[in-house]
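Asks: Mind having a look at this structure? Questions to follow.
The values are calculated or read from the model by the stated rules, or taken from the named source; none is laboratory data. Bear in mind that the values here come from a model prediction, so they are computed numbers and not experimental data. Please note: Cβ atoms are built from the backbone with ideal geometry, for glycine as well, and neighbour counts cover all protein chains shown. Just the protein is used for accessible areas: all its heavy atoms, side chains included, with ligands, DNA and RNA removed. Shrake-Rupley method; radii C 1.70, N 1.55, O 1.52, S 1.80 Å.
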Amino acid sequence: MTVDLHSRYGLSATHSEVVEAGKIIEPCDALDMGCSNGRNSIHLSQLGFNITAVDNNPNAIHMLQQIANAEGLTNIQAQVYDLNEADLDSDYGFIACTVTLMFLDPARVGAVIADMQARTLPGGYNLIVCAMSTDEYPCPVPFRFTLGEGELGEAYEGWELVKYNEELGTMHNGAQLMFATLLARKPS
Ligand SMILES: C[S@@+](CC[C@H](N)C(=O)[O-])C[C@H]1O[C@@H](n2cnc3c(N)ncnc32)[C@H](O)[C@@H]1O
């Protein structure tokens with residue numbers, strides 16, 4: 001039986017899009033970009049993915065390392081990394097970047113996405129969830145970066161869009177804003 005590590009360590013539930021992606025992607029080498037203290041990495045680890053988890057917050061990485069050590073999750077490698085570098089050094093079958101692009105340097109987001117794409121194996125997947133700002137729904141949260149209408153889909157031209165939507169969502173504090181959600185598969 002799968003142990004509920006999220007409850008044991010007071011972690012939020014796994015992001016729903018990661019749960020859904022985990023149902024269709026076969027376990028493989030995966031990268032969790034902006035992993036925080038690991039709610040998504042731990043879920044994927046329990047499904048058998050071999051996880052590299054990166055975040056620029058050393059405290060979050062330390063907590064995830066402690067959980068992985070305590071629970072014997074040897075398939076999680078957590079490391080401090082600034083995503084703005086856009087200089088990944090391995091290839092992955094699955095790269096997840098949920099609610100993280102908004103915190104990056106806007107001038108680097110294009111390079112970050114291009115690097116994700118380049119570091120995805122043929123037939124591999126990218127999952128991105130990111131806030132948007134549109135004329136109808138200007139983003140009410142002062143994120144450093146937000147996507148424009150259609151922008152994320154355009155960045156994945158040539159990939160199979162397994163899932164793509166731009167929908168109104170509600171944040172923990174009740175603020176309403178648009179989110180783009182993309183699960184895309186790189187051509188084999
Ligand atoms: C809202 S949290 C999302 C965490 C996780 N992806 C999830 O779905 O729960 C955003 C994360 O991005 C990380 N982050 C922000 N800027 C970053 C950067 N330049 N490089 C790496 N991680 C960054 C933060 O430390 C934080 O853990």
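Asks: Just from its helices, what would the mean residue ellipticity at 222 nm be for the chain, if runs of 4 or more DSSP H residues each count -39500 (n - 2.57) and the sum is divided by every residue, rounded to the nearest 500 deg cm²/dmol?
Replies: Mean residue ellipticity at 222 nm (helix-derived): -7500 deg cm²/dmol.
Asks: Working with all protein chains in place, sort V99, V80 by solvent-accessible area computed with a 1.4 Å probe, largest first.
Replies: Numbers: V99 45, V80 85 Å².
I get V80, V99, largest accessible area first.
Asks: Once the dipole of the chain is set up with Lys and Arg at +1 and Asp and Glu at -1 on Cβ about the Cα centre, which of N69, P187, A155 lies farthest towards its positive end?
Replies: Result: N69.
Asks: A further question on this structure: Between the stretch 117-188 and the stretch 48-100, what's the alpha-carbon centroid distance in Å?
Replies: 21
Asks: Oh, and also: Which trypsin sites (Lys or Arg not before Pro) in the stretch 47-149 pass both tests, a DSSP loop state and at most 15 other beta-carbon atoms within 10 Å?
Replies: R144
Asks: For the chain, what % of the accessible area comes from carbon and sulfur atoms, probe 1.4 Å?
Replies: Ligands and nucleic acids excluded, carbon and sulfur reach 46 percent.
Asks: Oh, and also: Give the percent of DSSP beta bridges with both residues in the chain that are antiparallel, rounded to the nearest 5.
Replies: 45
Asks: Here is a follow-up. Ranked by accessible surface with a 1.4 Å probe, highest first, in what order do T170, T52 come?
Replies: Largest to smallest exposure gives the sequence T170, T52.
Asks: Further question: So for the chain, taking the charge dipole from beta-carbon charges (+1 Lys/Arg, -1 Asp/Glu), which of T98, Y9, F49 sits furthest toward the positive end?
Replies: So the residue we want is Y9.
Asks: Here's something else I'd like to know. Please list the non-local residues whose amide H lies under 5 Å from the amide H of T52, H modeled 1.01 Å from N, same-chain partners needing a gap of 5 or more.
Replies: A30, L31, D32, Q77
Asks: Got a number for the accessible area of E167? Probe 1.4 Å, square angstrom, nearest 10.
Replies: Here the residue's solvent-accessible area equals roughly 110 Å².
Asks: How high is the relative contact order of the stretch 74-143, given as a whole-number percent (alpha carbon pairs under 8 Å, six or more residues apart)?
Replies: 38
Asks: Counting only residues 5 or more places away or on other chains, whose amide H sits under 5 Å from the amide H of G124 once H atoms are built in the peptide plane?
Replies: K186
Asks: Also, I was wondering about something else. Hey, got the dipole for the stretch 5-185? About the Cα centre, +1 on K and R Cβ, -1 on D and E Cβ, debye to the nearest 20?
Replies: Charge dipole of the stretch 5-185: 640 debye, to the nearest 20.
Asks: Taking only protein heavy atoms into account and a 1.4 Å probe, give the accessible area per residue of the stretch 5-185 in Å². Before the final figure, lay out each step's value.
Replies: Details: 8430 Å² over 181 residues.
Normalised by residue count, the accessible surface of the stretch 5-185 is 47 Å².
Asks: Once Rh is set to the Kirkwood radius over Cα pairs, what Stokes-Einstein translational diffusion coefficient, in µm²/s, holds for the stretch 70-131 at a temperature of 10 °C and a viscosity of 1.306 mPa s?
Replies: Result for D is 124 µm²/s.
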